[in-house]
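Just below is one structure, and these are the notes that go with it.
The values are calculated or read from the model by the stated rules, or taken from the named source; none is laboratory data. Every value quoted in this text rests on a predicted model; they were computed, and no experiment measured them. Neighbour counts are summed over all protein chains in view; Cβ atoms, including those assigned to glycine, are modelled from backbone coordinates with ideal geometry.
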Amino acid sequence: MPELTAGLRLTVTVPSESEPGGVRTLTSSLEGFGDNKQLMITAPAQGNEEVFLPVNQKVRLQCLLASAVIDFDAVVLEKIEKGSLSYLLLKRTGAIRRAKRRQNLACMKDGWLEYSDPEDGTSQRLKIVVSDIGGGGASVRGPAAFPSGASVIIHMPFGEKDDIHSYVCEVKRCFEVEDSVADLKYNVSVQFRFKNIREKEELISRILRMERERRSI
């Protein structure tokens with residue numbers, strides 16, 4: 001498939017009884033394709049730690065493109081060492097699935113927002129609803145307005161256990177919604193300010209998992 005090119009970031013999921021949802025989510029990147037549905041990826045990792053996957057391990061690969069989410073099943077054929085780097089040779093075992101990607105995923109998750117006024121030092125901790133989320137930002141409904149450029153922290157739940165994850169954000173837009181209830185009268189659009197690429201990749205993995213769960217219902 002021409003959209004899949006070397007260097008693409010991949011989410012690798014493998015079955016795991018100890019993880020929420022029954023799968024373990026790892027990150028990797030596509031190195032290239034070979035004959036007979038073979039492909040090579042960098043050794044999958046969780047954070048900065050490489051994760052060993054044995055030969056014949058079944059995996060699912062997924063990646064975010066500009067307009068679509070692409071995923072397919074594969075099996076591990078071989079681990080390859082090249083100097084200090086490790087790779088996996090895989091064989092695709094099913095069709096490549098392509099689902100149109102939403103700009104943001106509608107989610108309606110309860111959470112809360114923290115804001116500290118830089119002028120007087122006062123702090124607010126407000127209940128919000130995260131109405132949609134993407135790899136770059138989110139939209140939330142809340143009871144207060146914030147100036148463009150303000151720094152806020154969004155706390156929201158993910159997964160079956162609703163584990164709370166927190167993200168530093170910059171307010172891009174804020175406006176009052178006329179038809180909303182009193183305690184959710186403002187719509188606030190925020191852009192994530194990630195500490196590092198790992199934090200961004202972990203968020204994208206969580207969003208991809210939400211999309212998979214949504215499609216399986």
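Within the range 5-58, the set of residues being aromatic (Phe, Trp, Tyr) and in a loop (DSSP other than H, G, I, E, B) comprises just one member, 52. If you check 148, 205, which single one turns out to be of a type in the set (S, T, N, Q) and under 30 Å from residue 27 (Cβ atoms)? Just a single option satisfies the conditions, and that option is 205. Taking the range 93-116 as the search range and keeping residues that are at pLDDT below 80 and outside any strand (DSSP E or B), which one is surrounded by the fewest Cβ atoms within 10 Å (Cβ to Cβ)? Out of the qualifying residues, it is 103.
Among the residues making up the range 76-88, those that are assigned to a strand (DSSP E or B) and surrounded by fewer than 14 Cβ atoms within 10 Å (Cβ to Cβ) are 78, 80, 81, 82, 85.
The single residue among 142, 149, 111, 134 that is of a type outside the set (Val, Ile, Thr) and either touching a residue at least 60 places away in the same chain (Cβ under 8 Å) or in the same structural domain as residue 49 (by TED's automatic domain parsing) (or both) turns out to be 134.
To keep it simple, each residue is scored yes or no on (1) at pLDDT 80 or above; (2) over 15 Å from the mean Cα position of the chain (by Cα); (3) surrounded by fewer than 17 Cβ atoms within 10 Å (Cβ to Cβ).
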| residue | (1), (2), (3) |
| --- | --- |
| 127 | yes, yes, yes |
| 139 | yes, yes, no |
| 152 | yes, yes, no |
| 165 | yes, no, yes |
| 170 | yes, yes, yes |
| 173 | yes, yes, yes |
| 180 | no, yes, yes |
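Keeping to the range 130-171, report how many residues are charged (D, E, K, R) and assigned to a strand (DSSP E or B). Residues meeting the conditions: 4. Remark: pairs (first residue in the range 1-18, farther than 17 Å from residue 211 by Cα; second residue at pLDDT below 85 and assigned to a loop (DSSP other than H, G, I, E, B); Cβ separation under 7 Å; 6+ apart in sequence or on different chains) = 3/65.
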